[in-house]
Number of protein chains: 2
Amino acid sequence: MGKLLIVGTVAFDAIETPFGKTDKILGGAGTYIGLSASHFGVESGLISVVGGDFPEEYLQMLRDKNVDTSGVEMIKEGKTFFWSGKYDYNLDTRDTLVTDLNVLADFNPVVSENFTDCDFLMLGNLHPAVQMSVIKQIPKRPKLVVLDTMNFWMDNTMDELLEVIGKVDVITINDEEARQLSGEYSLVKAAQKIHKMGPEYVVIKKGENGALLFHDSEIFFAPALPLEEIFDPTGAGDTFAGGFIGYLASTHDISFDNMKRAVIYGSNLASFCVERFGTERMLNLEQKEIQKRLKQFKQLTQFEIELTQ
Amino acid sequence: MGKLLIVGTVAFDAIETPFGKTDKILGGAGTYIGLSASHFGVESGLISVVGGDFPEEYLQMLRDKNVDTSGVEMIKEGKTFFWSGKYDYNLDTRDTLVTDLNVLADFNPVVSENFTDCDFLMLGNLHPAVQMSVIKQIPKRPKLVVLDTMNFWMDNTMDELLEVIGKVDVITINDEEARQLSGEYSLVKAAQKIHKMGPEYVVIKKGENGALLFHDSEIFFAPALPLEEIFDPTGAGDTFAGGFIGYLASTHDISFDNMKRAVIYGSNLASFCVERFGTERMLNLEQKEIQKRLKQFKQLTQFEIELTQ
């Protein structure tokens with residue numbers, strides 16, 4: 001069983017979808033990653049920052065899921081990062097209405113002594129300089145470093161981002177971001193170019209169209225589970241990443257075959273995340289539900305064909 | 001080994017993609033379906049219509065692939081159906097530039113005696129009245145009837161289309177068409193509603209995002225193979241349908257497990273179709289290439305996970 005360190009935002013989100021609207025609710029990449037990874041019983045710690053307006057009960061909720069929150073700094077005089085977005089009618093695009101960085105603007109992550117020996121490091125979507133600072137605080141290279149990022153950093157801090165990309169084993173980005181980062185339209189070619197920037201493994205997330213895992217010339221595909229209801233896609237990518245690294249940390253096995261299982265688990269966890277607003281479904285998710293859905297993933301994808309040559 | 005009857009267009013296509021442009025080349029749903037199904041060594045016949053301008057050598061090409069073309073009527077004084085389209089830069093949408101129905105406008109399909117006892121019937125995308133006329137000419141219901149159609153018929157001839165849909169076992173449409181036909185955004189709900197219209201099996205094609213097969217509460221997903229180069233998507237959906245029904249006809253097995261294999265074969269054949277303009281790749285495709293790609297499909301999708309509950 002590996003020790004997992006997560007760096008990522010803890011935030012308030014206000015979300016509007018065609019199915020409803022929320023006030024400020026618990027959100028943030030670090031929150032979703034932590035909640036998702038918690039289902040694998042791994043020892044995990046979260047590094048983040050919140051303001052004095054952040055309710056202690058939310059941190060307790062994370063601790064109840066065995067996420068160590070001692071690395072979540074609280075800046076009493078500051079306000080918690082706030083994001084607000086509105087999804088279009090088919091949930092595949094969204095407009096950001098508000099981004100108040102607040103305490104995130106001066107976030108200076110500190111890796112506590114208890115996690116400087118982590119085996120698995122998940123760098124949630126953040127300023128690349130923050131991600132790099134965490135990497136530098138860990139003296140012995142972890143067994144696996146996973147980076148999530150987004151087009152915003154490609155547009156604004158590409159040099160710093162490329163430096164971080166050069167230091168990680170796995171990058172998770174969506175299809176448009178893979179195209180932007182590589183300048184290649186074909187995702188196969190995009191992954192080849194991104195390999196050359198550093199990461200041995202490239203995960204391309206395609207939302208309701210699943211996720212691709214690339215390693216050298218090998219490709220594995222995990223579909224998204226077709227659902228009757230999709231309520232709110234917020235956090236699905238982070239939940240995927242949390243399931244991915246949580247499973248790898250719990251099995252302490254980074255073979256390609258195990259990575260296949262990890263993307264299936266990532267897709268599995270993400271399929272729950274989207275069924276309710278925000279973190280609601282993730283906070284009330286039981287092991288037997290995950291196992292039941294795993295069976296559905298097998299039925300959805302597994303077939304028997306004899307190769308004749 | 002079943003006997004397969006195909007009804008579908010045989011046409012001239014002029015295609016423009018970001019990678020090039022063709023003059024009038026061989027095209028048509030019937031052509032692609034026939035070429036794709038031919039790889040399974042099944043006895044197949046094609047019902048269609050062409051004009052006096054249609055080269056005998058194209059028909060010979062189909063016969064060389066063991067497609068019986070005696071049902072392709074030639075109207076000497078008429079001209080062959082002509083379609084011209086232009087794809088956008090990422091190949092996922094296209095504009096129709098020209099649709100000259102020509103001899104197709106008065107197409108009156110005649111099922112020859114040799115195929116009135118067919119076991120498998122593939123109704124390619126055509127006016128629903130033409131599709132219905134073929135169904136009515138076959139006295140003993142085939143083992144399996146597959147219908148392909150498109151939004152154009154939903155917009156213009158919905159009543160006739162619904163009548164045909166009520167008489168088939170399998171319908172293949174794309175995701176947008178499934179939503180239009182059912183009025184449901186969720187593809188799971190869309191398939192449930194379409195089941196109630198008649199077809200026991202619903203195949204939803206999502207282009208580069210694969211295809212879903214629905215039957216009662218069961219769902220199976222076949223991804224598209226990630227490719228380095230996609231040259232021309234024309235005919236991919238028809239090639240998919242031809243691979244699907246060709247495999248089923250060759251195995252004479254319509255169990256759900258065999259249908260899973262059939263959608264994998266459909267996706268396999270379609271992955272070749274898009275690699276060159278028009279039918280070029282399909283005319284020069286060998287069995288060992290299909291088998292090699294089948295292995296890639298297995299690597300892409302198959303995994304081992306132990307279920308704990």
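Bear in mind that the values in this text are calculations on the coordinates, not laboratory data. Note that the coordinates shown come from a computational prediction; the quantities given were computed from them, not determined experimentally. Note that we place each Cβ from the backbone using ideal geometry, even for glycine, and neighbour counts take in every protein chain shown.
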I'd like to know if segment A:124-137 contains one or more residues that are of a type in the set (S, T, N, Q), away from chain B (no Cβ under 14 Å) and out of contact with any helix residue (DSSP H, G or I) (no Cβ under 8 Å at 6 or more places or on another chain). yes
Assess whether residue A:297 counts as being closer than 19 Å to residue B:299 by Cα, part of a loop (DSSP other than H, G, I, E, B) and within 14 Å of chain B (Cβ to nearest Cβ). no
Of the numbered conditions (1) in contact (Cβ under 8 Å) with a residue 40 or more places away in the chain; (2) more than 17 Å from the chain's Cα centre (by Cα); (3) closer than 26 Å to residue A:3 by Cα, residue A:253 satisfies every one except a single condition; which is it? (1)
Given the criteria touching a residue at least 60 places away in the same chain (Cβ under 8 Å), closer than 22 Å to residue B:267 by Cα and either surrounded by 22 or more Cβ atoms within 10 Å (Cβ to Cβ) or among the β-branched types (Val, Ile, Thr) (or both), does residue B:191 qualify? no
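Yes/no matrix, rows are residues, columns are (1) under 17 Å from residue A:124 (Cβ atoms); (2) out of contact with any Phe, Trp or Tyr (no Cβ under 9 Å at 6 or more places or on another chain); (3) surrounded by 24 or more Cβ atoms within 10 Å (Cβ to Cβ):
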site: A:7; (1), (2), (3): yes, yes, yes
site: A:22; (1), (2), (3): no, no, no
site: A:37; (1), (2), (3): yes, no, yes
site: A:55; (1), (2), (3): no, yes, no
site: A:71; (1), (2), (3): yes, no, no
site: A:76; (1), (2), (3): no, yes, no
site: A:86; (1), (2), (3): no, yes, no
site: A:89; (1), (2), (3): no, no, no
Show the residue pairs meeting these rules: Cβ distance below 7 Å; 6+ apart or different chains; first residue within segment B:105-132 and at negative phi; second residue polar (S, T, N, Q) and buried (at least 21 other Cβ atoms within 10 Å of the Cβ). B:123/B:131; B:124/B:9; B:125/B:149; B:126/B:9
Among residues belonging to segment B:104-129 that are of a type in the set (A, V, I, L, M) and in contact with an Asp or Glu (Cβ under 8 Å, 6 or more places away or on another chain), point out the one that is nearest to residue B:148 (Cα to Cα). B:123
Could you grab the pairs with beta carbons closer than 7 Å, sequence gap of 6+ or different chains, first residue in segment A:277-289 and in contact (Cβ under 8 Å) with a residue 60 or more places away in the chain, second one acidic (Asp, Glu) and not in a loop (DSSP other than H, G, I, E, B)? A:278/A:13
